Amino acid sequence: MIVNESESLIINVNNIEHKISVKPNETLLDVLRLKLGIKSVKAACWSGDCGICTVLIDGKPMKSCLVLSHEIRNKSIMTVEGLLEDELFQKLQNSFVKNGAIQCGFCTSAFLLVGYYLIKNKRNLDLLSIKKGINGIICRCTGYKQIIDSIYELK
Amino acid sequence: MNQISHLTLPEFKIVTPSTLREALSILDTNNTRSKLLAGGTDLLVDLRNRTINPNIIIDLKNIPELNELKQKGDIFVIGAAVPIADILKSKEVRKNFHSLYTALNEMCDEILRFRATIGGNLGTASPAADTAGPLLIHRARIIVASKKISREIPIQEFFIGVKQNCLMPNEIITAIHIPISTENEKSVFLKLKRNSEDLALIGVSAINYNSQTKLAFTAVAPIPILVDITAYISGNKRPNEEKFKEIWKLVKNAISPINDLRASREYRLHMTEILTRKALKEVLQK
Ligand SMILES: Cc1cc2nc3c(=O)[nH]c(=O)nc-3n(C[C@H](O)[C@H](O)[C@H](O)COP(=O)(O)OP(=O)(O)OC[C@H]3O[C@@H](n4cnc5c(N)ncnc54)[C@H](O)[C@@H]3O)c2cc1C
Ligand code: FES
Ligand code: FES
């Protein structure tokens, strides 16, 4: 039985292991932004609605405001910082720039991560499945078409 | 409406049992002070809003029994903690339980479906729970365990009030059992919502199997409602207008939609009738 008051956890973020002390009530979002200083992960609603806090956990997109830090023991977390050298990811970044998919940029990291997940994992990726795939993230500048086109170009 | 007033969560301890036995025994000794955690898509929002304030959170995700997804004879077993994204990958679910598949495929959004579970949807027991209607028409049984006994609850006895189910504080849902019909079964789930990731304003489910026809309604009464309309249907054929009026009268008496900021009672009633017609058209023959 493990009952944690405040415990040292080893977590793997962007292929680097960090040993940090976390309290059970800290979310993954808290740990990434406040403990590890990874500020590409944004937050706006803290309740699962906006998707801006999305990261990849073992390769799957999840909203980090709804994940407790203790749930990510033995899992690997990926944010955009960890993908900067990845060739496919770089292509996706360029596609976002080329298509004008970035306005204020607040939502961009989340869309890049989900776009990356979709291209890597979905066969026969069509416009509808991209629309469904990004459906949990809100772009306040509402440039969805450019975002969808950017992902579609790399399918 | 979500109105987040706290950026941090309240303080609690967390337990991550790896066996059902361990989870049940922790729950048994702490049942008034603990909360179960599956995907956290309801629980973390409630914690943040301080609508709950547990001392201990019991994370159920590492318990093998709660992660099963398989056919056992003529029953399909869905573990309570299986993420919806994984259930959607099952060919059997897609083939045998069309209405459930549709509901799961539209629930929350694709990102949240990597976390959200049916166990959690039933745990919250919202009147708008999307899995409730399909589980009602597919005759699901909720498998529940406590330290001393296990029991099976027919889904129609499970919901007892707004966000209330019949679980005892020391019980955990381990799985959902759904009978696989050998008959030619046709089912449908229709959901009215304002935008893509919204909770249902109305959910209507319908099934026709073995010459029985049933309807289920969510978000239009304090609990999900099952209405058996077999007596009004003959030869698996769609009812004529006169018969439909009788069916609608029965349904209208069973439901009690409310006025709230998302829709008025009149609109909900009107649209429930329209969706009921549409659902019957889909599961019955001309
Ligand atoms: C943005 C957003 C959109 C949503 N959209 C929808 C929607 O379209 N349709 C819909 O129906 N819901 C929706 N929800 C609500 C929620 O996602 C679902 O109810 C989901 O199924 C909850 O599952 P979970 O695993 O995340 O539950 P959790 O949050 O982990 O748990 C929910 C409750 O159930 C209890 N519980 C969990 N597992 C068990 C178990 N095995 N035995 C007993 N009790 C248990 C918990 O203690 C808690 O009280 C939405 C939520 C958000 C944040
Ligand atoms: S901050 Fe996590 S979904 Fe909005
Ligand atoms: S670019 Fe501004 S929020 Fe999406």
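Some notes on this structure:
- Residues of region A:58-81 that turn out to be under 20 Å from B:Ile14 (Cβ atoms), open to solvent by less than 10 Å² (accessible area, probe 1.4 Å), more than 6 Å from ligand 2 (Cβ to nearest atom) and assigned to a strand (DSSP E or B), as a count: 2
- Scanning region B:150-190 for residues that are over 13 Å from the mean Cα position of the chain (by Cα) and among the basic types (Lys, Arg) returns B:Arg151, B:Lys186.
- Residues in region B:86-119 that are open to solvent by less than 10 Å² (accessible area, probe 1.4 Å) and part of a helix (DSSP H, G or I) were compared, and the one that is nearest to the other protein chains (Cβ to nearest Cβ) is B:Leu104.
- Residue count for region B:15-38 satisfying the condition of being more than 16 Å from B:Ile149 (Cα to Cα), within 9 Å of another protein chain (Cβ to nearest Cβ) and of a type in the set (A, V, I, L, M, F, W, C): 2.
- Check on B:Arg151, free of Cβ contacts under 8 Å to residues at least 60 places away in the same chain and more than 14 Å from chain A (Cβ to nearest Cβ): yes
Residue-wise test of (1) basic (Lys, Arg); (2) within 28 Å of A:Ile11 (Cα to Cα); (3) within 12 Å of the chain's Cα centre (by Cα).
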site: A:Lys75; (1), (2), (3): yes, yes, no
site: A:Met78; (1), (2), (3): no, yes, yes
site: A:Leu84; (1), (2), (3): no, yes, no
site: A:Asn94; (1), (2), (3): no, no, no
site: A:Val97; (1), (2), (3): no, no, no
site: A:Cys104; (1), (2), (3): no, no, no
site: A:Asn121; (1), (2), (3): no, yes, no
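- Restricting A:Gly105, A:Gly51 to those that are touching a Gly at 6+ places or on another chain (Cβ under 7 Å) and part of a loop (DSSP other than H, G, I, E, B) reduces the list to A:Gly51.
- Scanning region B:120-150 for residues that are aliphatic (A, V, I, L, M), surrounded by fewer than 24 Cβ atoms within 10 Å (Cβ to Cβ) and closer than 16 Å to B:Ala38 by Cβ turns up B:Ala125, B:Ile143, B:Val144, B:Ala145.
- For B:Ala140, the conditions (1) within 30 Å of B:Thr182 (Cα to Cα); (2) touching an Asp or Glu at 6+ places or on another chain (Cβ under 8 Å) all hold with the exception of (2).
- Count - residues of region B:39-58 that are open to solvent by 20 Å² or more (accessible area, probe 1.4 Å) and either of a type in the set (Asp, Glu) or more than 9 Å from chain A (Cβ to nearest Cβ) (or both): 7
- Tally, over region B:234-272, of residues that are surrounded by fewer than 16 Cβ atoms within 10 Å (Cβ to Cβ), within 23 Å of the chain's Cα centre (by Cα) and under 18 Å from B:Leu190 (Cα atoms): 1
- Any chance A:Lys23 is under 12 Å from the mean Cα position of the chain (by Cα), open to solvent by 60 Å² or more (accessible area, probe 1.4 Å) and within 10 Å of chain B (Cβ to nearest Cβ): no
- Members of region A:126-150 that are closer than 13 Å to A:Gly51 by Cβ, open to solvent by less than 60 Å² (accessible area, probe 1.4 Å) and within 14 Å of chain B (Cβ to nearest Cβ): A:Gly133, A:Ile134, A:Asn135, A:Gly136, A:Ile137, A:Cys139
- Test: residue in region A:87-106 that is crowded, with 21+ Cβ neighbours inside 10 Å and either within 13 Å of chain B (Cβ to nearest Cβ) or within 16 Å of ligand 2 (Cβ to nearest atom) (or both): no
- Members of region A:110-138 found to be within 16 Å of ligand 1 (Cβ to nearest atom) and of a type outside the set (D, E, K, R), listed by number: A:Ala110, A:Val114, A:Gly133, A:Ile134, A:Asn135, A:Gly136, A:Ile137, A:Ile138
The values are calculated or read from the model by the stated rules, or taken from the named source; none is laboratory data. Quick caveat: nothing in here was measured; it's all calculated off a predicted structure. Using ideal geometry, Cβ is built from the backbone for each residue, glycine included, and neighbour counts are taken over all protein chains shown. The area values use the complete protein model at the heavy-atom level, side chains included, leaving out ligands, DNA and RNA. Shrake-Rupley method; radii C 1.70, N 1.55, O 1.52, S 1.80 Å.
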